[in-house]
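The values are calculated or read from the model by the stated rules, or taken from the named source; none is laboratory data. Since the model is a prediction, treat every value here as computed from it, not as a measurement. Note that we place each Cβ from the backbone using ideal geometry, even for glycine, and neighbour counts take in every protein chain shown.
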Amino acid sequence: MKKFIDENFLLKSKTAQDLYYGYAKAMPIIDYHNHLSPEQIANDINFENITQAWLYGDHYKWRAMRANGVPEKYITGDATDYEKFEHWAATVPFTLRNPLFHWTHLELQRYFDINKILSPETAKEIYDECSARLKTPEYSVKNLLRKMNVKALCTTDDPIDSLEFHKKIIEDGFEIKVLPAFRPDKAMNVDDVAVFNAYVNKLQEVSNILIASFDDYLQALKSRHDFFHEMGCCVSDHGLEQIYSADYNEAEIKNIFRKLTASESISQPENIKFKSAMLVIFAQWDHEKNWVQQYHLGALRNNNTRALKTLGADTGWDSIGDFSQGKQLSKFLDKLDTTNQLAKTILYNLNPADNELIATMTGNFNDGSVAGKIQFGSGWWFMDQKDGMTKQINALSNMGLLSKFVGMLTDSRSFMSYPRHEYFRRILCNLFGEEIENGELPDNQEWVGKIIEDICYNNAREYFRF
Ligand SMILES: [Zn+2]
């Protein structure tokens, strides 16, 4: 029997172990999409205790605690940090087979050298030890990133964000690149007219451009896109149920914008036309600047109205949706390709039923300009676990070129989530190792090892050119 999370965790064969230790382990990390706070990095904060590092903002853990019957007071409520940790520790033994169980213990091992299982029995000593270390300079957030050999990361930022903290990070000479990413979801979401108009007003202030027409609106947004570019940004990101690709003409979109800013209601077809137009415009700007555009597709968000009212969005009430992805996505990519305005693109899919659809869609628009121009993004959110990653890797292998994959990203709000790159690398090496041992791949570790290094780091470095 193997020991729990020992040095050969997930590496079932000798070849897998050789590949991981010989090639994958030492590669640096490019975390090209996450939700870390640039303010916390700029101020190089220390967490006061492990609850702040682990449980503030981690809705994965919150969902598990709720499923375990923990009252909200001890999850997002006014209980003390230690009480919250106690309830998390009491939940952990029941998370076995959920990725949280592996992540929790990998994080304890990698950041704190703690090999114990978190449970009510070990809660107090683990809380005390982790919290004491988190307060030391060695555990400032910049040092947490250094400890994991991160070379570059991209945060997720709204066009109206000042990027003041990104600026401070550069001015302070932090050697790890912390770049913004342009996420204009709010600039195209017209489901709530009042919310949209409040956004237009904020954009007007931030851009110093008076917005009286759709042309002004685009000029203001473009000025932000330009500003992000000056700040080193070279990726955009969109969180959408599905791609919108309705037909429209300029006069229609101008009229829809006029209606919106006059607080008139718009029809559902007008809503979709507006979103379709904005997606194309953003994509054209991304292409002009040679950015990488990312589309996170398929989440069904805010399912619980009561929780949305009391706790707000992104607090753990989202699920996998069953939106129709293929036809609109194809039409959108084709439209951009036809006018030679298709930027490098990463498509992330939340519904595993669509893995093969997405894997085959990427192959339709590779044009020989860049290897792996259209990417099938790594297993994401509910798919960010052994089974989901394996399924994504297999679909990509079967229908595209795994060797050109830009690899793993954390997509996380937590500074402690970097062992997920290790988790991915072990799964990857295990798959290659198994096929070498089965005689399905040649026993040429140098060749396979080079491809593993590419997927772990080199492909992302070439693709993003940070
Ligand atoms: Zn994300």
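I'd like to verify a number: residues in region 155-175 that are under 19 Å from Asp44 (Cβ atoms) and in contact with an Asp or Glu (Cβ under 7 Å, 6 or more places away or on another chain), how many?
Looking only at that region, the number is 2.
Starting from region 355-382, take each residue that is free of Cβ contacts under 8 Å to residues at least 24 places away in the same chain and more than 20 Å from Trp291 (Cβ to Cβ) and list its partners that are of a type in the set (S, T, N, Q) and within 16 Å of the ligand (Cβ to nearest atom), counting only C-beta distances under 7 angstrom and pairs at least six apart or across chains.
Close Cβ pairs (under 7 Å, with a partner that is of a type in the set (S, T, N, Q) and within 16 Å of the ligand (Cβ to nearest atom)) amount to Gly379/Gln392.
All but one of (1) more than 17 Å from the chain's Cα centre (by Cα); (2) surrounded by fewer than 19 Cβ atoms within 10 Å (Cβ to Cβ) hold for Arg413; which doesn't?
Tallying (1) more than 17 Å from the chain's Cα centre (by Cα); (2) surrounded by fewer than 19 Cβ atoms within 10 Å (Cβ to Cβ), Arg413 fails exactly one: (1).
Scan region 288-314 for residues that are surrounded by 14 or more Cβ atoms within 10 Å (Cβ to Cβ) and in contact with a strand residue (DSSP E or B) (Cβ under 8 Å, 6 or more places away or on another chain) and report the count.
Summing the residues that are surrounded by 14 or more Cβ atoms within 10 Å (Cβ to Cβ) and in contact with a strand residue (DSSP E or B) (Cβ under 8 Å, 6 or more places away or on another chain) in region 288-314 gives 10.
Among the candidates Phe85, Phe101, Phe112, Phe94, single out the residue that is under 23 Å from Ala307 (Cα atoms), aromatic (Phe, Trp, Tyr) and modelled with pLDDT of 95 or more.
Phe85
Restricting attention to region 28-49, and to residues there that are under 30 Å from Lys450 (Cβ atoms) and outside any loop (DSSP other than H, G, I, E, B), which single residue is nearest to the ligand (Cβ to nearest atom)?
Ranking the qualifying residues of region 28-49, first place goes to Asp31.
When you scan region 322-343, do you find a residue that is closer than 26 Å to Asn430 by Cβ and under 22 Å from the mean Cα position of the chain (by Cα), even just one? Before you say what the answer is, go through the steps one by one.
Within region 322-343, the subset closer than 26 Å to Asn430 by Cβ is none.
Within region 322-343 (the criterion being closer than 26 Å to Asn430 by Cβ and under 22 Å from the mean Cα position of the chain (by Cα)), the answer is no, since none of the residues qualifies.
In region 330-341, is there at least one residue being loosely packed, with under 15 Cβ neighbours inside 10 Å and on the phi > 0 side of the Ramachandran plot?
Checking region 330-341: at least one residue is loosely packed, with under 15 Cβ neighbours inside 10 Å and on the phi > 0 side of the Ramachandran plot.
Can you pull out every residue in region 207-244 that is within 19 Å of the chain's Cα centre (by Cα) and hydroxyl-bearing (Ser, Thr, Tyr)?
Once the filter is applied, which keeps residues that are within 19 Å of the chain's Cα centre (by Cα) and hydroxyl-bearing (Ser, Thr, Tyr), region 207-244 yields only Ser236.
Can you tell me which residue in region 386-406 is farthest from Gln325 (Cα to Cα), limited to those that are away from the ligand (no atom under 16 Å from the Cβ), in a loop (DSSP other than H, G, I, E, B) and touching a helix residue (DSSP H, G or I) at 6+ places or on another chain (Cβ under 9 Å)?
Phe405
From the residues in region 261-287 that are of a type in the set (A, V, I, L, M) and not in a helix (DSSP H, G or I), which one is surrounded by the fewest Cβ atoms within 10 Å (Cβ to Cβ)?
Ala262
Among Pro120, Pro159, which is the only one that is buried (at least 19 other Cβ atoms within 10 Å of the Cβ) and part of a loop (DSSP other than H, G, I, E, B)?
Going through Pro120, Pro159 in turn, the sole match is Pro159.
Hey, can you tell me all the residues within region 312-361 that are of a type outside the set (A, V, I, L, M, F, W, C) and in a strand (DSSP E or B)?
Across region 312-361, the qualifying residues are Ser319, Lys344, Thr345, Tyr348, Asn349.
With (1) within 30 Å of Val141 (Cα to Cα); (2) within 16 Å of the ligand (Cβ to nearest atom); (3) in contact (Cβ under 8 Å) with a residue 60 or more places away in the chain as the list, and Tyr423 as the residue in question, which single condition is left unmet?
The one condition Tyr423 does not meet is (2).
Looking at region 292-311, which of its residues are of a type in the set (S, T, N, Q) and either in contact with a helix residue (DSSP H, G or I) (Cβ under 7 Å, 6 or more places away or on another chain) or in a helix (DSSP H, G or I) (or both)?
The answer is Gln293, Asn302, Thr305, Thr310.
For (1) part of a helix (DSSP H, G or I); (2) buried (at least 19 other Cβ atoms within 10 Å of the Cβ); (3) at negative phi, each residue gets a yes or a no:
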| site | (1), (2), (3) |
| --- | --- |
| Ala16 | yes, yes, yes |
| Tyr20 | yes, yes, yes |
| Tyr23 | yes, yes, yes |
| Ala26 | no, no, yes |
| Thr51 | yes, yes, yes |
| Gly57 | no, no, no |
| Lys73 | yes, no, yes |
| His87 | yes, yes, yes |
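Filter region 75-85 down to residues that are crowded, with 16+ Cβ neighbours inside 10 Å and outside any helix (DSSP H, G or I), then give me how many there are.
Result for region 75-85: 3.
Considering only residues that are hydroxyl-bearing (Ser, Thr, Tyr) and either within 16 Å of the ligand (Cβ to nearest atom) or crowded, with 22+ Cβ neighbours inside 10 Å (or both), which ones fall in region 346-383?
The answer is Tyr348, Thr362, Ser378.
Do you know which of the residues in region 208-260 that are in a loop (DSSP other than H, G, I, E, B) and within 16 Å of the ligand (Cβ to nearest atom) is surrounded by the fewest Cβ atoms within 10 Å (Cβ to Cβ)?
Selected residue: Glu241.
Just wondering, is there one or more residues in region 130-153 that are under 26 Å from Lys273 (Cα atoms) and surrounded by fewer than 18 Cβ atoms within 10 Å (Cβ to Cβ)? Explain how you work it out, then say what you get.
Taking region 130-153 as the starting set, the residues that turn out to be under 26 Å from Lys273 (Cα atoms) are none.
There is no residue in region 130-153 that is under 26 Å from Lys273 (Cα atoms) and surrounded by fewer than 18 Cβ atoms within 10 Å (Cβ to Cβ).
Pull up region 353-381, narrow it to residues that are more than 10 Å from Gly400 (Cα to Cα) and among the polar types (S, T, N, Q), then point me to the one that is nearest to the chain's Cα centre (by Cα).
So, considering only residues that are more than 10 Å from Gly400 (Cα to Cα) and among the polar types (S, T, N, Q), the one nearest to the chain's Cα centre (by Cα) is Ser378.
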